[in-house]
1. Can you tell me which residues in region 66-92 are in contact with a Lys or Arg (Cβ under 8 Å, 6 or more places away or on another chain) and either under 22 Å from Ala54 (Cα atoms) or assigned to a helix (DSSP H, G or I) (or both)?
2. Filter region 83-100 for residues that are near the ligand (Cβ under 9 Å from one of its atoms) and among the polar types (S, T, N, Q) and give the result.
3. Looking at region 1-19, I want the residues that are assigned by TED's automatic domain parsing to the domain that holds Phe34 and have a partner that is charged (D, E, K, R) with Cβ atoms under 9 Å, at least 6 apart or on another chain. Which pairs are those?
4. Could you identify the single residue in Val55, Val44 that is loosely packed, with under 14 Cβ neighbours inside 10 Å and hydrophobic (A, V, I, L, M, F, W, C)?
5. Might you let me know whether region 53-62 holds any residue that is away from the ligand (no atom under 16 Å from the Cβ), free of Cβ contacts under 8 Å to residues at least 24 places away in the same chain and assigned by TED's automatic domain parsing to the domain that holds Ser112?
6. Which residue out of Ile39, Ile35 is surrounded by 11 or more Cβ atoms within 10 Å (Cβ to Cβ), not in a loop (DSSP other than H, G, I, E, B) and not assigned by TED's automatic domain parsing to the domain that holds Leu106?
7. So for region 112-120 (the condition being within 13 Å of Gly56 (Cβ to Cβ) and assigned to a strand (DSSP E or B)), does at least one residue qualify?
8. Report yes if Asn51 is under 27 Å from the mean Cα position of the chain (by Cα) and over 16 Å from Arg118 (Cα atoms), otherwise no.
Amino acid sequence: MPGVMRLSFSIEQPLWERLERLVQEGHYANRSEFIRDMIRDRLVEREWKENEEAVGTITLVYNHHTRGLSERLTHTQHHHHEVVLASTHIHLDEDLCAEIVVVRGLARTLQSLANHLRSEKGVLHASISMSSTGERLA
Ligand code: NI
């Protein structure tokens, strides 16, 4: 059974009064139960966001002299062809390359692809930028 942590926090009186009302209206046994439920709600909300469709870019910087790396990166992109829309390769200098991969799919799938590409030996940096596809913004 997990241990129980105790915590205290400061809150302005008007907010405190609203909190008390929420606890009463929600028929919670006590404030702790309400706070626990609120945290669970936030976790579910985050999970839901990870299931949202997103559009984004994954930017990789790597040394093309690393044996087999270019092929492995291409292989991984082919394996995820359903979310990879396009990619652009930039020769930064004699050794280094940047690859910008345009992606669209479930946010967690895109994050997983970025993690996969980042974990390839020889990749010096990988970043992901995601935006909503806009369907839920209107
Ligand atoms: Ni290059």
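1. Listed by number, the residues that qualify are Leu69, Val83, Leu85.
2. Within region 83-100, no residue meets the criteria.
3. These pairs meet every condition: Leu19/Arg31.
4. Details: Val55 fails: loosely packed, with under 14 Cβ neighbours inside 10 Å.
Checking each option against the conditions leaves just Val44.
5. Scanning region 53-62 turns up no residue that is away from the ligand (no atom under 16 Å from the Cβ), free of Cβ contacts under 8 Å to residues at least 24 places away in the same chain and assigned by TED's automatic domain parsing to the domain that holds Ser112.
6. Going through Ile39, Ile35 in turn, just one is surrounded by 11 or more Cβ atoms within 10 Å (Cβ to Cβ), not in a loop (DSSP other than H, G, I, E, B) and not assigned by TED's automatic domain parsing to the domain that holds Leu106: Ile35.
7. Checking region 112-120: not a single residue is within 13 Å of Gly56 (Cβ to Cβ) and assigned to a strand (DSSP E or B).
8. So Asn51 passes the test.
The values are calculated or read from the model by the stated rules, or taken from the named source; none is laboratory data. These figures come from a predicted structure and were not determined experimentally. Please note: Cβ atoms are built from the backbone with ideal geometry, for glycine as well, and neighbour counts cover all protein chains shown.
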